[in-house]
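J.: Pasting in a structure now, in structure tokens, and then I'll have a few things to ask.
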Amino acid sequence: ENAKLVIVGGRGCGNRQAVEELGSIARKMGGQLGISRPAAMNAWASMDKMVGVSGAMICPDICITAGVSGAAAFYAGIEKSKMIIAINKDEKAPIMKKADVAVVDDFRPVLEELSDIVQQG
């Protein structure tokens, strides 16, 4: 079963609360939450949400990464997504070159705006 939208939080989210916020934004947009290995290792969400070689291999229509650096083992887990949107404050993060759309910013304002647009649509 393929999700239409998965929002994946990484180490750059900074803490469990931020990942929980991501989860609620994902649900508001009709999507699901995923996390990178570093976020899983910090117990910011349950291990069954982990995406990548050591977690789930996903292929949603849209995969939005928030604060994920995009190590090869992680990217392997999302590379079959129809569209990858990376939001990261670090423009040099490996995921930024591999994403279809790269947004250099804090994920919060970007996702809040996107969520509002989706809800109006």
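The values are calculated or read from the model by the stated rules, or taken from the named source; none is laboratory data. If you're wondering where the values come from, they're calculated on a predicted model, not measured in any experiment. Cβ coordinates were reconstructed from backbone atoms using ideal geometry, including for glycine residues, and neighbour counts include every protein chain displayed. Just so you know, the surface numbers come from the protein's heavy atoms only, side chains and all, with ligands and any DNA or RNA stripped out. Shrake-Rupley method; radii C 1.70, N 1.55, O 1.52, S 1.80 Å.
J.: For region 34-62, which residues satisfy the criterion of being in contact with a helix residue (DSSP H, G or I) (Cβ under 9 Å, 6 or more places away or on another chain), surrounded by fewer than 22 Cβ atoms within 10 Å (Cβ to Cβ) and in a loop (DSSP other than H, G, I, E, B)?
T.: The answer is Asn42, Ala43, Ala45, Ser46, Val53, Ser54, Gly55, Met57, Ile58, Cys59.
J.: Go through (1) under 16 Å from Lys4 (Cα atoms); (2) surrounded by fewer than 23 Cβ atoms within 10 Å (Cβ to Cβ); (3) small (Gly, Ala, Ser) one by one and return the number of the condition Ser69 breaks.
T.: In the conditions (1) under 16 Å from Lys4 (Cα atoms); (2) surrounded by fewer than 23 Cβ atoms within 10 Å (Cβ to Cβ); (3) small (Gly, Ala, Ser), Ser69 misses (1) alone.
J.: Would you confirm whether or not region 80-90 contains a residue that is open to solvent by less than 70 Å² (accessible area, probe 1.4 Å), outside any strand (DSSP E or B) and not basic (Lys, Arg)?
T.: Yes, because at least one residue in region 80-90 is open to solvent by less than 70 Å² (accessible area, probe 1.4 Å), outside any strand (DSSP E or B) and not basic (Lys, Arg).
J.: Pairs needed: first member in region 79-94, in contact (Cβ under 8 Å) with a residue 40 or more places away in the chain; second member anywhere, assigned to a helix (DSSP H, G or I); C-beta distance under 7 Å; at least 6 residues apart or different chains.
T.: So the pair list comes out as Asn88/Gly12; Asn88/Ile95; Asn88/Met96; Lys89/Gly12.
J.: Could you check region 105-121 and list, in sequence order, the residues that are under 16 Å from Val19 (Cα atoms) and surrounded by 14 or more Cβ atoms within 10 Å (Cβ to Cβ)?
T.: Matches in region 105-121: Asp106, Phe107, Arg108, Val110, Leu111, Ser115.
J.: Could you tell me whether Ala102 is over 19 Å from Val19 (Cβ atoms), open to solvent by less than 70 Å² (accessible area, probe 1.4 Å) and small (Gly, Ala, Ser)?
T.: In short, yes.
J.: For region 1-17, name all the residues that are buried (at least 18 other Cβ atoms within 10 Å of the Cβ) and part of a helix (DSSP H, G or I).
T.: Gly12, Cys13
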